[in-house]
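Below is one structure; the comments refer to it alone.
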Amino acid sequence: MSVIRVENVSKQYRLGMIGAGTLREDLQRWWHRTRNDAEPWKVGDVAGAGNGTGDRIWALRDVDFRIETGEVVGLVGENGAGKSTLLKILSRITMPTQGRIELHGRVGSLLEVGTGFHPELTGRENVFLNGAILGMTRSEIQRKFDDIVEFSGVQRFMDTPVKRYSSGMRVRLAFAIAAHLEPEILLVDEVLAVGDAAFQKRCLGKLDEVSKEGRTVIFVSHHMSAIASLCKRAILLKDGQVVMDGPAAETIDRYLSSNPSSGPRYGEVRFANASEDEPFQLLAVRTRSIEGDIRADFKSQEPVVVEFEFKLRRPMPFLKIGFELHALTGGLVFQTFHNDREELLTETGRDAHILQAVIPADLLNGGIYHIHPCATIHGRGWLLRDVEGPAINVLFDVPNPDYVVLGRPGEIAPLLVWQAPTARE
Amino acid sequence: MNVTRELDHAAEDRWVTILGPETRWLDFRLGELWRYRDLVALFVRRDFLAQYKQTILGPAWHVIQPLLTTVTFTIVFGRIARIPTDSLPPFLFYFAGYVIWSYFATTLTKVSSTFIANASMFGKVYFPRMAIPVSISISSMIAFGIQFALFLAFLVYFRFRGSPVDPNAWMLAAPIVVLLMGALGLGFGIIVSSLTTRYRDLSNLVTFGVQLLMYATPIVYPLSEVPDGYRLLVLLNPMSSLVEAFRFGFLGAGTVSFGHLAYSFVFTLVILICGVLLFNRVERNFMDTV
């Protein structure tokens, strides 16, 4: 059975409708209309740009799809493609301009965590308030209260006003509430963008659980790895229209290939634009597992092989090829170059040179890292910098089976050598 | 087996939502609001708790405010301006008027900022927006209850001391009068809040408009003192007959008439219905304009 039926839905926005001063314009328009004068500020009239009929944009156009019970569907597309608008319409925050939507079941929308948190109220009071705002009844919250508190990990602070919470605690509590929402249809926006890596992992884990319980999920994300791992089906929106609706992997491929400049790319990034007569030309950067297959998802306990494919048409003294690793927050984690230990490039002119760097195991934290390839002539200047290479998605864990740790604060989370020295004699 | 399936089906049907651009004008959507009654209760609780956290006197403010206002009124309008009070003790006269007026005024002022004050929340999650105005009305009714209890205490005290006050059977109409007063505040409030999504100027008008409106209502003067030329004007104000009836019931002096009360009743009903319909219409798309 289709739990969500979206039929030819369009949404039009009028630009510049925001703000004051419209009372006068409305009155004037009404005055002109009653006197049968030409209406001021009609299409194309620049003077009335604030309210004219010419400034309408279609955020969604003839969007049409059905979603069956228990499906987990990813919604992908560039910024401004209409993903958020669609989610807002489905969660009833705004209405479609045309078309019709049928929703069978309770709808829970998670466009933000912690909506309606009141800073003066205690954690306990906010659990009830936020739960009710998300659509739970009081008895439902009461029933799940202990689970929520335990999941959040802020038990000790339940009677402290939320304004004294750290932002991390606030997010944890908010997500714990949201995670215990049990609607038949769950709409999730990029909530993964907030919080640390551990929180993101937790979100993903919980979403996975939700889908296994047979509930229907629509999930908007820029993290293609998240979409790929959670969703079987994905819908690609572009300029408000459905461009593709099919298996997640194929839709993601289509999205990534049609938008080489947007969103993180995983596994392999090819560079084709460099000019032919440059002596150094980067062709591709890819990430491989130690076994050699191209991959984007790694466990923190395995090494990541970063591979460079490039052309070197003539010898370039002092050429340094390397990359920067950036955390999701944008912070630089480290920079590394191929000849830090010794020069590896001793010959030139081959069709393609390959260099591999190994990011050791047990170094990275959980979460997404971006690889930015770079190249420089030592002491002279950059040949290549601030270029987006592939991103990797790290799943953090520690070897000690007694603890499950999904992430640590900090940009990296190396496992250091700890020892208990025996007493000296 | 069959029975369960049917039940499941019924449960499913209850939650079917159909979204589309067409609006049914005459749709009050009260059933939906009822489903969210827990949320309304929690909003009331939130408003009450949050208002007084970190204040020293806490809920005592509910008492201090009318007391200070009444004392001021008694001095300014009673002693200095010497406006007659239907031969009632001025303190009780002003107290009764102020208590019921402030119930109307707070409801109206707070409800009128519903959309603007909650825009960020409304932009992220759906619940019937009417939950906010309704919870505000309930909160101010609780505040009214506290102030009213204080008023009763003073009434008993004055009567015990032999002041010329005469509580009578009209007291029984007080619950209706109070409800109408609240409904008027709610009705005007949701109309203003709906219009402020488009015309921000209105929010400035509300605060001082309500202040001015108090002088167009027999709060600091009795209706009987209004010159004939202005009386009709004052009576056009639907609050006037309500205030007079309220004061008459508890104090035994004032101008009450069924005709005036019927007018107020019809007026309230019309305002409330128009308000709810307008509000429900605005809530559908207001996020596009705020």
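All of the numbers you see were taken from the coordinates with simple rules; none came from a lab. Values in this document were obtained by computation on a predicted structure and should not be read as measured data. Cβ coordinates were reconstructed from backbone atoms using ideal geometry, including for glycine residues, and neighbour counts include every protein chain displayed.
Worth a mention:
- Nearby lysines by direct alpha-carbon distance to residue A:311 (threshold 19 angstrom, same-chain neighbours under 8 apart not counted): A:320
- Kirkwood hydrodynamic radius over Cα pairs of the stretch A:353-411, then Stokes diffusion coefficient at 20 °C and 1.002 mPa s, in µm²/s: 150 µm²/s
- Charged neighbours of residue B:221, selected by a Cβ distance under 15 Å, balance to 0 (K, R count +1; D, E count -1).
- The protein assembly as shown: proportion of alpha-carbon pairs further apart than 37 angstrom, %: 55 percent
- Each Cα pair under 8 Å and six or more residues apart adds its separation to the average, and for the stretch A:267-395 the resulting relative contact order is 29 percent.
- Efficiency of FRET between residue A:417 and residue A:289 - r from beta-carbon atoms, R0 35 angstrom, step 0.05: 0.90
- Beta bridges per DSSP, both residues in the protein assembly as shown: antiparallel share near 75 percent.
- When only Cα pairs below 8 angstrom with a gap of at least 6 residues are kept, the stretch B:28-283 shows a relative contact order of 28 percent.
- For the pair residue B:168 and residue B:281, the difference between a 0.36 nm per residue extended length and the Cα-Cα distance amounts to 36.3 nm.
- By other beta-carbon atoms within 10 Å, ranking A:332, B:108 with the fewest at the front produces A:332, B:108.
- Fewest-first ordering of A:169, A:1, A:224 by other beta carbons within 10 Å of each residue's beta carbon gives A:1, A:169, A:224.
- In angstrom, the C-alpha Rg and Dmax of the stretch A:101-142 are 12.0, 39.
- Of the Cα atoms belonging to chain B, the radius of gyration and Dmax stand at 21.7, 82 Å.
- Net charge of the neighbourhood of residue A:85, taken over other residues with C-beta under 12 Å away and scored Lys/Arg +1, Asp/Glu -1, is +1.
- Convex hull (Cα only) mean projected area of the stretch A:267-395, reported in nm² to one decimal: 7.8 nm²
- Neighbourhood charge, 10 Å Cβ-Cβ cut-off, centred on residue B:86 and excluding it, Lys, Arg +1 and Asp, Glu -1: -1
- Counting Cβ atoms of other protein chains within 10 Å of each residue's Cβ and taking the mean over peptide A:103-114 gives 3.
- Radius of gyration and maximum dimension Dmax of the stretch A:60-258, Cα, Å: 17.2, 51
- Translational diffusion of the stretch B:174-290, µm² s⁻¹ [Kirkwood Rh, Cα pairs; Stokes-Einstein; 25 °C; 0.890 mPa s]: 159 µm²/s
- FRET efficiency for residue B:32 and residue B:232, using Cβ-Cβ distance with R0 set to 45 Å, rounded to 0.05: 0.60
- Within the stretch B:102-169, the ratio Rg/Rh, alpha carbon atoms throughout and Rh by Kirkwood, equals 1.26.
- Exposure proxy ranking for B:264, A:109, B:163, based on other Cβ atoms within 10 angstrom of each Cβ and starting from the fewest, stands as B:163, B:264, A:109.
- Backbone N atoms of the stretch A:88-110 closer than 18 Å to the 7 Å Cα→Cβ label point of residue A:137 belong to residues A:105-108.
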